[in-house]
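The values are calculated or read from the model by the stated rules, or taken from the named source; none is laboratory data. Values in this document were obtained by computation on a predicted structure and should not be read as measured data. Here the Cβ positions follow ideal geometry from the backbone for every residue, glycine too, while neighbour counts run over all protein chains shown.
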Amino acid sequence: MKYVIIGNGPAAVSCIDGIRSVDPDGSITVISKEDHPAYFRPLISYYLEGKSKAENIYCRRADFYESSNCGVIHSEAVAIDTDNRSVMLKNGESIPYDRLCICTGSSPFVPPMKGLETVENKYTFLTVDDSFAIEKAITKDSRVLIIGAGLIGLKCAEGLRDRVQSVTVCDLAPRVLSSILDDECAAIVQKHLENCGIGFSLGNTADRFDGNTAMMKDGSEIGFDVLVLALGVRPNIGFFKEAGGACGRAIIVDNEMKTSVDGIFAAGDCVEQYDISFGDKRIMALLPNANLGGYTAGVNMAGGSAEFDNAVPMNSIGFWGLHMMTAGTYANDENAQMIEEKGEKSIKRFFIKNNRLVGFIIIGDVKSAGIYTNLIRTQADISAYDPDALTKNATLLPFGENYRRKTLGGVV
Amino acid sequence: MKRVTVHEEWCLGCHLCEYNCAFANSGLADMVKALKNQKITPRIHVEEDGRIHYAVSCRHCEDPICIKGCISGALQKGADGVVTIDHDKCVGCLSCMLLCPYGCITTDENETVLKCELCVKNGDIPACVQGCPNRAIVFEEVQT
Ligand SMILES: Cc1cc2nc3c(=O)[nH]c(=O)nc-3n(C[C@H](O)[C@H](O)[C@H](O)COP(=O)(O)OP(=O)(O)OC[C@H]3O[C@@H](n4cnc5c(N)ncnc54)[C@H](O)[C@@H]3O)c2cc1C
Ligand code: SF4
Ligand code: SF4
């Protein structure tokens, strides 16, 4: 059996593990556009911050590809010939496959912006090479302007703060992390970030650039030395679409991580799949899902049987000691009941639908929140549990002695 | 593999396991120095509601979901089945805390994560078990 994997991130290495758990012998070829062994993409900001050493960012040990008996070709896949089952590379090679997995993640999205070509020091923030390039461009006197107050932009701000003179973040949205937080929660996070020295210009963005100046929508001007464009990402699915594969906003997969094309699987940031908390397919571009989906794909490619049938978005981020966690579906659903717990420095919101916890946001008191994530992932009926005991503190108390005997007294 | 099993019917709620854990992992030889007037950060904790008490520490799951979510590779399951944490790699994102179904992950002041490693670096029998006065936590082989 010939396995080919396009992309070399967390989804890809988990896919290799999945294949090898079933088939120790078949040949595996990884096609990698980046010139690095698979690394943990979220660490690129921690590298800038000095919390992660460059040699510690890799997903697996240095001998992983060799010991998994897996070849790596450093090139870009540009097309798939589904009739003859082969992948065409930019370097002209064509690689035959019996089973293919697409783990291509996403690329930065940069809309056309007036005068952007006049900016010399401009970067996106998605790869470790971006991190290295930004590191070269900054000095302790640099003024950094980051466009985009989403997760990537704010993580970049955190990574850079202590290494430059100033960091300003602007976003057309009126609040930070607008895709995961509502106004009230976003205000808490923004205030904390401001106290930590990050400047904001929200509801405002750069209209055009002239060298080192951004002319803002509200008429003001922001001078900068280094510009980071963190406006969002788009899944890398062009070649799969052209081959006739079914896509929505990303590659559509089922619970076995199969695409619409025979013999082709996909996992990670480039897919959309059924979110059990949402009740429909969507992109859940987060690292746990890349690992879980990649492994599932690998097992199934090798003829084993596995399902990733409880996917939900789940995200934990912190900035200088303020942590926030979100999981499931927690926005604007009239049919969901909301239970709120507010503390001095924390806010917890639980969203309940048909006696099931479908989502939560917690800022501050995140202790043991995995107990809640587990309720979402297992779609547990929570009607029998005392709501207060459930939401005040995350413990195993509400679930009864039998559950505890099984989990704390046995093997799970 | 041997795991710490919890027998809540025997638990007195004395919290000794928490102190013994904190002491064993303090790296100090003197218990008073390690614990007195210190904010302790044990890797086991007692949950209670007045009637019920029981200790919770890492289950060393067969297929640990915390590892699937770790963004730095700090969490690993060894050949012996013990799930360990590499503090040099951990960046304190707490994704593992978001994923552990049993609430077994805690943090220290350095904002990296602490979890039970079955005292693999401290001796043969976990300190919490050794010090439990009523055999409410036991180190034993459990059948799957
Ligand atoms: C700054 C930052 C912070 C993040 N923080 C978090 C976090 O805290 N928690 C979290 O859960 N997630 C976080 N994420 C998201 C997380 O990194 C992704 O979910 C994860 O990397 C997805 O893994 P993947 O394997 O699907 O894709 P990727 O890691 O993106 O890997 C895809 C690889 O495929 C390669 N590739 C693409 N097209 C081709 C082609 N045609 N041919 C060959 N190779 C190709 C790419 O170059 C890339 O190396 C963060 C992301 C960023 C950028
Ligand atoms: S920390 Fe939690 S998820 Fe990880 S092995 Fe321990 S009990 Fe399992
Ligand atoms: S807090 Fe540390 S161990 Fe936990 S997921 Fe983040 S990096 Fe991994």
inquiry  = Could you check the range B:56-76 and list, in sequence order, the residues that are charged (D, E, K, R), within 13 Å of ligand 3 (Cβ to nearest atom) and under 25 Å from B:His7 (Cβ atoms)?
reply    = none
request  = Please indicate, with yes or no, whether at least one residue in the range A:12-25 is surrounded by 18 or more Cβ atoms within 10 Å (Cβ to Cβ) and among the polar types (S, T, N, Q).
outcome  = yes
message = Can you tell me which of (1) within 27 Å of B:Asp108 (Cβ to Cβ); (2) free of Cβ contacts under 8 Å to residues at least 40 places away in the same chain; (3) in contact with a strand residue (DSSP E or B) (Cβ under 6 Å, 6 or more places away or on another chain); (4) more than 10 Å from chain B (Cβ to nearest Cβ) is the one A:Ile347 doesn't meet?
response = (2)
ask   = Can you name every residue in the range A:364-412 that is more than 29 Å from B:Val142 (Cα to Cα) and at the interface with another protein chain (Cβ under 9 Å from one of its Cβ atoms)?
value = A:Val366, A:Ala389, A:Asn393
task = Determine whether B:Leu35 is touching a Phe, Trp or Tyr at 6+ places or on another chain (Cβ under 9 Å), without any contact (Cβ under 8 Å) to a residue 24 or more places away in the chain and more than 15 Å from ligand 3 (Cβ to nearest atom).
result = yes
query = Just one of the numbered conditions (1) away from ligand 1 (no atom under 16 Å from the Cβ); (2) within 23 Å of B:Val138 (Cα to Cα) is not true of B:Ile105; which one?
reply = (1)
query = Which residues, counting only those in the range A:391-403, are under 22 Å from A:Asn310 (Cα atoms) and in contact (Cβ under 8 Å) with a residue 40 or more places away in the chain?
reply = none
request  = Examine the range B:112-126 for a residue that is in a loop (DSSP other than H, G, I, E, B), within 16 Å of ligand 3 (Cβ to nearest atom) and within 8 Å of chain A (Cβ to nearest Cβ), and state whether such a residue exists.
outcome  = no
task = Assess whether A:Ala137 counts as being out of contact with any Lys or Arg (no Cβ under 8 Å at 6 or more places or on another chain), under 25 Å from A:Ala331 (Cβ atoms) and not polar (S, T, N, Q).
result = no
query = Looking at (1) within 11 Å of chain B (Cβ to nearest Cβ); (2) farther than 19 Å from B:Gly92 by Cα, can you tell me which one A:Ala327 breaks?
reply = (2)
message = Go through the range B:25-43 and report how many residues are of a type outside the set (Ser, Thr, Tyr), assigned to a loop (DSSP other than H, G, I, E, B) and under 25 Å from B:Gly103 (Cβ atoms).
response = 6
note = By residue number, the members of the range B:49-58 that are facing chain A (nearest Cβ under 7 Å) and either within 15 Å of ligand 2 (Cβ to nearest atom) or under 30 Å from A:Gly293 (Cβ atoms) (or both) are B:Tyr54, B:Val56
key: the range A:160-178 residues that are more than 13 Å from A:Val226 (Cβ to Cβ), paired with ones that are among the hydroxyl-bearing types (Ser, Thr, Tyr) and part of a loop (DSSP other than H, G, I, E, B) (beta carbon under 6 Å, 6 or more apart)   = A:Cys170/A:Thr205; A:Leu172/A:Thr205
query = How many residues are farther than 18 Å from A:Gly410 by Cα and either away from ligand 1 (no atom under 16 Å from the Cβ) or among the aliphatic types (A, V, I, L, M) (or both) when one looks only at the range B:78-89?
reply = 7
inquiry  = Any residue that is under 21 Å from A:Leu43 (Cβ atoms), facing chain A (nearest Cβ under 9 Å) and surrounded by fewer than 22 Cβ atoms within 10 Å (Cβ to Cβ) - is there at least one of those in the range B:133-144?
reply    = no
key: Subset tally (residues that are in a loop (DSSP other than H, G, I, E, B) and under 17 Å from A:Gly321 (Cβ atoms)) for the range A:147-178   = 2
note = Selection from the range A:109-141 of residues free of Cβ contacts under 8 Å to residues at least 24 places away in the same chain and assigned to a helix (DSSP H, G or I) yields A:Glu117, A:Phe132, A:Ala133, A:Lys136
note = Checking B:Thr5, B:Thr41 in turn, the sole residue that is in contact (Cβ under 8 Å) with a residue 60 or more places away in the chain and either at the interface with another protein chain (Cβ under 10 Å from one of its Cβ atoms) or under 18 Å from A:Leu396 (Cα atoms) (or both) turns out to be B:Thr5
query = Just one of the numbered conditions (1) among the polar types (S, T, N, Q); (2) without any contact (Cβ under 8 Å) to a residue 12 or more places away in the chain; (3) surrounded by 16 or more Cβ atoms within 10 Å (Cβ to Cβ) is not true of A:Ser67; which one?
reply = (3)
task = With respect to B:Ile71, determine if the residue is at pLDDT 95 or above and part of a helix (DSSP H, G or I).
result = no
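For (1) within 7 Å of chain A (Cβ to nearest Cβ); (2) within 16 Å of ligand 1 (Cβ to nearest atom); (3) surrounded by fewer than 23 Cβ atoms within 10 Å (Cβ to Cβ), each residue gets a yes or a no:
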residue	(1), (2), (3)
B:His60	no, no, no
B:Ile65	no, yes, yes
B:Ile71	yes, yes, no
B:Cys100	yes, yes, no
ask   = Out of (1) more than 8 Å from chain A (Cβ to nearest Cβ); (2) at pLDDT 95 or above; (3) in a loop (DSSP other than H, G, I, E, B), what's the single condition that is false for B:Val46?
value = (3)
Hits in the range B:77-97 (condition: more than 6 Å from ligand 3 (Cβ to nearest atom), part of a loop (DSSP other than H, G, I, E, B), under 17 Å from the mean Cα position of the chain (by Cα) and facing another protein chain (nearest Cβ under 9 Å)) = B:Asp86
ask   = Before we move on, is A:Ala369 closer than 14 Å to B:Val56 by Cα and either surrounded by 22 or more Cβ atoms within 10 Å (Cβ to Cβ) or within 16 Å of ligand 3 (Cβ to nearest atom) (or both)?
value = no
ask   = Which of the residues spanning the range A:121-136 are surrounded by 18 or more Cβ atoms within 10 Å (Cβ to Cβ) and touching a Phe, Trp or Tyr at 6+ places or on another chain (Cβ under 7 Å)?
value = A:Val128, A:Ser131, A:Ile134
